[in-house]
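> Below is the structure I would like to discuss, written out as structure tokens.
Here, each number is a calculation from the coordinates, and none is a lab measurement. Since the model is a prediction, treat every value here as computed from it, not as a measurement. Note that each Cβ is placed from the backbone with ideal geometry, even for glycine, and that neighbours are counted across all protein chains shown.
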Amino acid sequence: MAQRSATAPGRRRLTFATNLSVYDTFAPTTYDRRSEPATCNRLTPALAQRIKEELNSYKMEEMEVHASSRIHTHFFA
């Protein structure tokens, strides 16, 4: 079971802006708002492995990490 903080949570306050802003935009027939399919939905095992290898290479060769923090750097298998 997770422990909760002994201090009371801060009181939240909600406010709304006093001014209203409305902007013109393109009609749905003019501008396609659909997003491209997310890469994570199109990953093959080979592509996932290439991405892991690229991340590992970046972490090993390019990413600046303080010497005492290197032990916390995660590498993909």
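> Looking at region 33-59 only, could you name the residues that are of a type in the set (A, V, I, L, M) and loosely packed, with under 11 Cβ neighbours inside 10 Å? Quick ask: steps written out before the conclusion?
Taking region 33-59 as the starting set, the residues that turn out to be of a type in the set (A, V, I, L, M) are 38, 43, 46-48, 51, 55.
Residues satisfying the conditions are Ala38, Ala46.
> Consider region 25-41. How many of its residues are more than 18 Å from the chain's Cα centre (by Cα) and not aromatic (Phe, Trp, Tyr)?
The first filter runs over region 25-41 and keeps only residues more than 18 Å from the chain's Cα centre (by Cα), leaving 25-34.
Still in the list and also not aromatic (Phe, Trp, Tyr): 25, 27-30, 32-34.
Of the residues in that region, 8 qualify.
> Pairs only if they're at least six apart or on different chains, beta carbon under 6 angstrom, first in region 51-65 and within 16 Å of Ala77 (Cβ to Cβ), second exposed (fewer than 12 other Cβ atoms within 10 Å of the Cβ); list them, first residue then second.
These pairs meet every condition: Asn56/Phe75; Lys59/Thr73.
> Go through region 48-63 residue by residue and tally those that are in a helix (DSSP H, G or I) and either in contact with a Leu (Cβ under 9 Å, 6 or more places away or on another chain) or hydrophobic (A, V, I, L, M, F, W, C) (or both). So that I can check it myself, show each step before the final result.
At the first step, the residues of region 48-63 found to be in a helix (DSSP H, G or I) are 48-61.
Now narrow it down to the ones that are either in contact with a Leu (Cβ under 9 Å, 6 or more places away or on another chain) or hydrophobic (A, V, I, L, M, F, W, C) (or both): 48, 51, 55, 60.
Qualifying residue count, region 48-63: 4.
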